[in-house]
């Protein structure tokens, strides 16, 4: 009998040492403190951040119904890693910590201009994934910070298979931005949990989460 997407996602998560327990503990801490639980996932391009976030949301092991925010949806263009990192802290994470409500500005990549502003409210957990999430400022506003790493050759293969020729043209430009961010902010050191996912299967049962971003509550 085929397994449900939720069971497949939970099985994949259980294979990633410490993640499931770390999420449960982080959510409990946040809820005990009366705040919205926040999980940040960072790492270089192609490390598996989006896939891991999909699995986490599909097989959520803790209380609440998680909302997912993708940094890819808010970077203001190919030179926007630093701006996106700053914006997610200023507009979403800080207000969410202070009042339980925050926003983020969607970016229209096709028209190269801002699109609608999304609202995130309420006590259900929030997961933010993407390059630039783990600045020092942002990490201080999270209940769990996760850093992913993988073999460099595999990372590039994954990223280009996912995003095609568009990213192939921009790979070096984006990698240089990320390298500068990492040198300045030391995101790996800001992580509570570091996972090498080179050999991990992150493909199972999470396709429903790919539609994206937040749900207003």
Run the numbers for residue 103 and residue 151: contour at 0.36 nm per residue of separation, minus the present Cα-Cα distance, in nm. 13.9 nm
Considering the convex hull of the alpha carbon atoms of the range 57-128, report its projected area averaged over all viewing directions, in nm², one decimal. 5.2
Could you give the C-alpha radius of gyration of the range 57-192 expressed as a fraction of 2.2 N^0.38 Å, taking N as the number of residues it contains? 1.07
So, in nm, how far is label residue 117 from label residue 172 when the simple model puts each one 7 Å beyond its Cα toward the Cβ? 3.9
With a bin width of 5 angstrom, please list the P(r) values of the range 30-93 as percents of all Cα-Cα pairs, from the 0 bin to the one holding the largest distance. 3, 14, 23, 24, 19, 12, 5, 1
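No lab work stands behind these numbers, since they all come straight from the coordinates. Being a predicted model, the structure only gives us computed values, none of them experimental. Note that we place each Cβ from the backbone using ideal geometry, even for glycine, and neighbour counts take in every protein chain shown.
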